[in-house]
Amino acid sequence: MTSKFIAATFAVLTVLSGAFAGVAVAGTASAAPQDVSSCTVIDQSGEYQLSKDIVVTGPVSNFGCIEIAADNVTLDGNGHTITRTTTVGPNAAIYTTAENVEIRDLTVRGFRSGVYVGSLDGGDEMLDVEISDATFEENDWGVRTIETLGVQVSDSTFENNSYGISVFTEPDADNEYADFVFDSNTFVDNSRDIEADSTLVTVLDSEFTGSVFGVISDKGVVSVNNTYTGTSVAGINTGVSGPTAIDGYESDALTLSLNDTVVDNEGTGIVAAGTVAVVGATVENNGGNGIDVGSKYEAENSSEAVVVQSAIRSNDGDGVFVRPETDADLATSMTIQSSVIADNGGLGVNVSDGNDIANATGNYWGSADGPSSETTVALEDPYTGALANGSGDAVSEGAVENVSNVHFDGSLEENPLLPDAYQIDVAAGEVIENLGVDGDDADDEKDFYGTQDRLLQSKTVVDDGTVTGSYNVPTGENVTKTLDGCAVTYTPVSYDAATGEATLSVSVANDTGCENVTLTLAGYELPGDDTTFVRANADGQELVDYQTVTLSAGESATVTIDLSDEDTMETLLASLN
């Protein structure tokens, strides 16, 4: 993995870490909105609202039924509908070349373009147009932007359009991911949900169902927390299509898929070339390959791809297919780590160019004994010579006979994507570092807080906060018990999934003679796929963190332990460099 890849990835993460600012519409906030009841031209700044549904039955003098020609305009649809019932009417329901425009809360049906955003000078001008809470049905284009930047679409629905959202800029446009942000939208049964030509787009928290392509973009996409299902060709298709791709623009594509769900598509889940990162994705039950990486056209640079912490399972084709570059002097760089590659119909990882080698160490192949081979003879790891003689998904053979072109040695015996689960104990006295084993005490018994009559309360949780078991956890705000002759009051132990911290508050009554009351709050990671306490597996628990406090009469304390995984996405990606 090159520093170029890491730098590009962090640049995108920096954009995502900031808030995508909404459009600031500088209208006359104190004035009442002006009513719009028919097709018209808005040529003055201010706030406007539809006062009724508009039905277009014939030609109008404007390019759009409503043409927004002034900057700083808000148009509130008030839930009304603009419908075209004729093919000779205006091309667009709403047409604008103005800056700082907000359009919201309306339905558009039957137009060439529901909303058309264009630039008069053709120079990819920054317009800042925001569209929200809208519905686009049965249009050729729901939202269409031509040679302009700064368009955001949120909380909107696109259904039965040829194109849900179409974005076009000049091939040499140097736009940023934040220039086109599509957030929390729903796409149903469009031909192409989002198509971006020569430009970069960001897509967040959206659902794509039943199209040919979910997102298709030759310059790349940031796709975060989206669900792609039921597409006929690909959920995400980037860096490999569009008029400019044939000219080599696709080698500049940067595709970042974070926490996406790409499942049950008829074709391939993710198709991408250029610089590609798939992190935390679920890519399952697709009719083609799970992930298809590499250029289909002439490219100036090799593709570089990384897949981490992703589930690539039960796809009809290969789990990961690494396409050969069309230029023999180029080679696709492929890294897969901390992922599950299992139950795919083809190979787990298939590197189609025998001379390329994919780095796929540290993955779970669907079986504890590691990957199998595509040949009847077990293939050797190209670096270590270890044999791919397991019963998991298979790896491909390279240019050298009986040697794989997948570096698979170091495979995981367990699924790394199972949720972390913890046991949180509150006990009198000191911590037990190794539960379920006989420590140095004299009783010759396996050490448990319960068998030592020290366990005050306990709960098991998975890392998303789900409680899977509990023992003596108070149902009220607190409980009081006598320890060493002292009244000790404590709260139910709490677990914060956002921070991974467990917290307990405790106090000792202000009674004479109460000194040195010791309590421990301890957190253990449960072994294997256990999500609740299994006594027979207790010796496999690992102490993650603990805090022991000693209090005297009248004293109180809040005790906190940290069970979080300290690895962040940044450190994970940096470890691949």
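Data overview
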| read-out | value |
| --- | --- |
| Using a Förster distance of 22 Å, the FRET efficiency for ASP140-SER232 (Cβ separation, nearest 0.05) | 0.70 |
| Simple label model, 7 Å out from Cα along Cβ direction - ASN389 to GLU266, nm | 4.4 nm |
| Cα→Cβ-extended label distance, 7 Å offset, between GLU542 and THR40, nm | 6.7 nm |
| Cα centroid of region 451-505 to Cα centroid of region 186-232, whole Å | 45 Å |
| Highest average packing first - 55-61, 113-119, 502-508, Cβ atoms within 10 Å | 113-119, 502-508, 55-61 |
| Accessible surface of region 72-153 [probe 1.4 Å, protein heavy atoms]: carbon and sulfur percent | 35 percent |
| Probe 1.4 Å, protein heavy atoms only - accessible area per residue of region 328-398 in square angstrom | 38 Å² |
| Summed residue charge, Cβ within 11 Å of THR361's Cβ, Lys/Arg positive, Asp/Glu negative | -2 |
| Linear extension gain, ALA32 paired with VAL534, 0.36 nm per residue minus alpha-carbon span | 174.1 nm |
| FRET efficiency, 1/(1 + (r/R0)^6) with R0 56 Å, evaluated for ASN402 and ASP511 via beta carbons | 0.10 |
| Order of exposure, largest accessible area first, which applies to THR376, THR468 with probe 1.4 Å | THR376, THR468 |
| FRET efficiency, 1/(1 + (r/R0)^6) with R0 30 Å, evaluated for THR480 and GLU430 via beta carbons | 0.85 |
| For region 448-549, the fraction of alpha-carbon pairs in successive 5 Å shells from zero, as % | 2, 11, 20, 24, 20, 12, 7, 3, 1, 0 |
| Coil-residue GluC sites (Glu not before Pro) of region 394-479, DSSP, other Cβ within 10 Å capped at 16 | GLU401, GLU413, GLU414, GLU430, GLU433, GLU445, GLU477 |
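The values are calculated or read from the model by the stated rules, or taken from the named source; none is laboratory data. Just so you know, these numbers come straight off a predicted model, no measurement behind them. Glycine gets a Cβ as well: all are built from the backbone with ideal geometry, and neighbour counts include every protein chain shown. Side chains are part of the model used for accessible areas, which takes the heavy atoms of the whole protein and leaves out ligands, DNA and RNA. Shrake-Rupley method; radii C 1.70, N 1.55, O 1.52, S 1.80 Å.
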